[in-house]
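*Asks:* Right, I'll just put the structure down here and ask away after.
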Amino acid sequence: MNSEILENVLKEFEKLAAIPRKSGHEKAVSDFLKGYLEELGFQTVQDEVFNIIADKPASAGFEKAPLVILQGHMDMVCVAEEGYDYDPLRDPIKLRRTEEYLEAEGTSLGSDDGIGVAEAIYILKTMENHGPLRLIVTVDEEQGMKGAIHLDRRYLEDAAFLINCDSENYDELTVGSAGSVNLDFSRKMKCVPPHAGHAWIVGAKGLKGGHSGERIGDGRGNALRTLAAAIRAIQKKGEVELVSFDGGKARNAIPSDARAVFVSDIPKAEIQAVLAEQEQRFRQMYGAADEGRFLLEETGLPEEVFVPEDTLALLRLIQIIHSGVYAMSQAVPGLVETSANLGVIGTEGNRVFVQCMPRSASDQKIDEFCRTAEDWAALTGFDLQIGTKSPGWKENKNSRMARLMEEIFQEQNGKPMKVGTIHAGLECGWHFCKNPSLDIVSIGVTTQEIHSPRERLVLSTVEPQVRLICEALRRIAKYDK
């Protein structure tokens, strides 16, 4: 797969892949974008949270055309294969290309949403015969949409159209998305010296994982819950003194791996037998003949362990937090309406934190999850912090941009474009809140297994996507100048 458009878009993507850009740590890539876009001659602003806003004036004769925004996010979910040496705050993404795909060596690729940003930059650099254009590249979309939340509404109020470049299939036009909220539980654990016994590391490995919006409806196993269930089963054989519990890479990624350290005098053979039973149970539950395994190895005896009541509180919280599909849409067959993902658990000294992300097309059901989370916290003695609720994005039945995109896609590809809403969250909800008259659509190239080390970009979809956007910009400018 080789074309001038593809090669030039990939050159822009390579620039982003060379800069570590984990969510919440975007200053370096934001500084790069500011300098680079200024060098290209665009009027560029870097706001207080490091969002980038770059304007390109209209071509001569198209000055009266409406302003169109191209929008994406600069951060990425950073995950790596087990055992792969990768520091997301220091290491670049190592790209690997085949005839069909662009992948990363051992890590997530960051095509979500690096490829959308790369396409938008390429379009701004090369586009002719267009009205005024604005590129908005936000920060921290993956963790909590901080960039969209803090984006000054003045950058949206003077625009007529916004094309969000953060969807995952080139032949799908997204016109609505789910809202979400971050739930953060934490508890200071009381610690005591361990009783006699051996210390063990137990791990749940090799689950599929994946994006908690796009893949939650597949019914995939959650490594955190799977490991907690295994530890509860081991407890039936004798005392288990928990030392730590860790797993998951991001609240919006279904965790594929988890590990815990515990002390016990239960014989190794009995622990292994329990884990074998739990492994078989997992595969029967999820119909996965070759997915999911438990690992057990001995380690050094720690100085402290959690007291039994604190261990029980943590394991109970993991088990009672809803993780998976909660309700299906009544309006759209096959679409998940409401779900939640238990995404991350971590141990820092004597404090344990737990991160969960509910999603829903219904703001009321997000509120219900928040109320339920307060009960979960009260029942288990955990503190709870409820984040800012990200609003859902409701479909605009009169969207001119949606009709235009459908028309152009049919002409260019000889087949209809699929149109619908998604269960994943998009920044479009925040943009709509700040300018309800903004005509918004979301599109994207085809990417697979995002938020996982198996992430890959389908190269053949890049050029059609760019041509679709460019033609839409040309027609808006031509008919509205």
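*Asks:* Is it the case that VAL344 is of a type in the set (Val, Ile, Thr), surrounded by fewer than 23 Cβ atoms within 10 Å (Cβ to Cβ) and within 16 Å of GLY217 (Cβ to Cβ)?
*Replies:* Values: of a type in the set (Val, Ile, Thr): yes; surrounded by fewer than 23 Cβ atoms within 10 Å (Cβ to Cβ): yes; within 16 Å of GLY217 (Cβ to Cβ): no.
In short, no.
*Asks:* Let me ask something else about it. Taking strands (runs of 3 or more DSSP E) that do not extend beyond segment 1-91, which have at least 2 residues that are in contact (Cβ under 8 Å) with a residue 12 or more places away in the chain and surrounded by 18 or more Cβ atoms within 10 Å (Cβ to Cβ)? Break it down into steps so the answer makes sense when it comes.
*Replies:* Numbers: elements: 43-46, 52-56, 68-73.
Once the strands (runs of 3 or more DSSP E) in segment 1-91 are filtered for at least 2 residues that are in contact (Cβ under 8 Å) with a residue 12 or more places away in the chain and surrounded by 18 or more Cβ atoms within 10 Å (Cβ to Cβ), what remains is 52-56, 68-73.
*Asks:* Among the residues of segment 192-210, which ones are out of contact with any strand residue (DSSP E or B) (no Cβ under 6 Å at 6 or more places or on another chain), of a type in the set (A, V, I, L, M, F, W, C) and surrounded by fewer than 18 Cβ atoms within 10 Å (Cβ to Cβ)?
*Replies:* VAL192, ALA196 - these are the residues of segment 192-210 that are out of contact with any strand residue (DSSP E or B) (no Cβ under 6 Å at 6 or more places or on another chain), of a type in the set (A, V, I, L, M, F, W, C) and surrounded by fewer than 18 Cβ atoms within 10 Å (Cβ to Cβ).
To keep it simple, each residue is scored yes or no on (1) surrounded by fewer than 23 Cβ atoms within 10 Å (Cβ to Cβ); (2) touching a Ser or Thr at 6+ places or on another chain (Cβ under 7 Å); (3) under 13 Å from THR174 (Cβ atoms); (4) at pLDDT 95 or above.
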residue: ILE408; (1), (2), (3), (4): yes, no, no, yes
residue: LYS434; (1), (2), (3), (4): yes, no, no, yes
residue: VAL441; (1), (2), (3), (4): no, yes, yes, yes
residue: GLU449; (1), (2), (3), (4): yes, no, no, no
residue: ARG454; (1), (2), (3), (4): yes, no, no, no
residue: SER460; (1), (2), (3), (4): yes, no, no, yes
residue: PRO464; (1), (2), (3), (4): yes, no, no, yes
residue: ARG467; (1), (2), (3), (4): yes, no, no, yes
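Residue-wise test of (1) at negative phi; (2) surrounded by fewer than 19 Cβ atoms within 10 Å (Cβ to Cβ); (3) not in a strand (DSSP E or B).
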residue: ASN398; (1), (2), (3): yes, yes, yes
residue: PRO416; (1), (2), (3): yes, yes, yes
residue: VAL419; (1), (2), (3): yes, yes, no
residue: ALA424; (1), (2), (3): yes, no, no
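*Asks:* LEU207: closer than 30 Å to ASP112 by Cβ and in a loop (DSSP other than H, G, I, E, B), yes or no? Spell out the reasoning first.
*Replies:* Values: closer than 30 Å to ASP112 by Cβ: yes; in a loop (DSSP other than H, G, I, E, B): yes.
Taking the combined requirement at face value, the residue satisfies it.
Yes or no, residue by residue, for (1) of a type in the set (Lys, Arg); (2) in contact with a Leu (Cβ under 7 Å, 6 or more places away or on another chain):
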residue: GLY221; (1), (2): no, yes
residue: ILE234; (1), (2): no, no
residue: LYS237; (1), (2): yes, no
residue: ARG259; (1), (2): yes, no
residue: SER264; (1), (2): no, no
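*Asks:* Any idea which of GLY217, GLY213, GLY221, GLY238 is surrounded by fewer than 19 Cβ atoms within 10 Å (Cβ to Cβ) and either acidic (Asp, Glu) or in a loop (DSSP other than H, G, I, E, B) (or both)? It would help to see each step written out before you state the result.
*Replies:* On the way: GLY217 fails: either acidic (Asp, Glu) or in a loop (DSSP other than H, G, I, E, B) (or both); GLY213 fails: surrounded by fewer than 19 Cβ atoms within 10 Å (Cβ to Cβ); GLY221 fails: surrounded by fewer than 19 Cβ atoms within 10 Å (Cβ to Cβ).
Unique residue meeting the criteria: GLY238.
*Asks:* Give just the number: which of (1) on the phi < 0 side of the Ramachandran plot; (2) touching a Pro at 6+ places or on another chain (Cβ under 9 Å) does GLY209 not satisfy?
*Replies:* If we test GLY209 against (1) on the phi < 0 side of the Ramachandran plot; (2) touching a Pro at 6+ places or on another chain (Cβ under 9 Å), just (1) comes out false.
*Asks:* Still on this structure, please answer the following. Any residue that is closer than 29 Å to GLU348 by Cα, under 34 Å from the mean Cα position of the chain (by Cα) and not in a helix (DSSP H, G or I) - is there at least one of those in segment 262-274?
*Replies:* Scanning segment 262-274 turns up at least one residue that is closer than 29 Å to GLU348 by Cα, under 34 Å from the mean Cα position of the chain (by Cα) and not in a helix (DSSP H, G or I).
*Asks:* Please count how many residues of segment 275-299 are surrounded by 15 or more Cβ atoms within 10 Å (Cβ to Cβ) and either assigned to a loop (DSSP other than H, G, I, E, B) or outside the structural domain of ALA230 (by TED's automatic domain parsing) (or both).
*Replies:* Total satisfying the criteria: 3.
*Asks:* Please go through (1) modelled with pLDDT of 90 or more; (2) more than 24 Å from GLN143 (Cα to Cα); (3) touching a Lys or Arg at 6+ places or on another chain (Cβ under 7 Å) for ALA289 and return the number of the only condition it doesn't satisfy.
*Replies:* The number of the failed condition is (1).
*Asks:* Can you pull out the residues in segment 381-439 that are among the hydroxyl-bearing types (Ser, Thr, Tyr) and more than 30 Å from MET189 (Cβ to Cβ)? So that I can check it myself, show each step before the final result.
*Replies:* Within segment 381-439, the subset among the hydroxyl-bearing types (Ser, Thr, Tyr) is 388, 390, 399, 421, 437.
Listed by number, the residues that qualify are SER390, SER399, THR421, SER437.
*Asks:* Identify, by number, the condition in (1) at pLDDT 95 or above; (2) surrounded by 15 or more Cβ atoms within 10 Å (Cβ to Cβ); (3) not small (Gly, Ala, Ser) that GLU309 doesn't meet.
*Replies:* All conditions are met except number (2).
*Asks:* Residues of segment 245-272 being closer than 29 Å to GLU141 by Cα, out of contact with any Asp or Glu (no Cβ under 8 Å at 6 or more places or on another chain) and either modelled with pLDDT of 95 or more or not assigned by TED's automatic domain parsing to the domain that holds PRO308 (or both), which ones?
*Replies:* Hits for segment 245-272 are PHE245, ASP246.
*Asks:* Filter segment 147-203 down to the residues that are modelled with pLDDT under 95 and among the small types (Gly, Ala, Ser), then identify the one that is farthest from ALA120 (Cα to Cα).
*Replies:* Once the filter is applied, the top-ranked residue is ALA196.
*Asks:* Let me ask another. Run down SER244, SER323, SER256, SER264 and say which single residue is hydroxyl-bearing (Ser, Thr, Tyr), buried (at least 19 other Cβ atoms within 10 Å of the Cβ) and more than 30 Å from MET76 (Cβ to Cβ). Before the answer, list the steps.
*Replies:* Numbers: SER244 fails: more than 30 Å from MET76 (Cβ to Cβ); SER323 fails: more than 30 Å from MET76 (Cβ to Cβ); SER256 fails: more than 30 Å from MET76 (Cβ to Cβ).
Of SER244, SER323, SER256, SER264, the one residue that is hydroxyl-bearing (Ser, Thr, Tyr), buried (at least 19 other Cβ atoms within 10 Å of the Cβ) and more than 30 Å from MET76 (Cβ to Cβ) is SER264.
The values are calculated or read from the model by the stated rules, or taken from the named source; none is laboratory data. Everything numeric in this text was worked out from a predicted model, so none of it was measured. With ideal geometry, Cβ positions are generated from the backbone for all residues, glycine too; neighbour counts draw on all protein chains shown.
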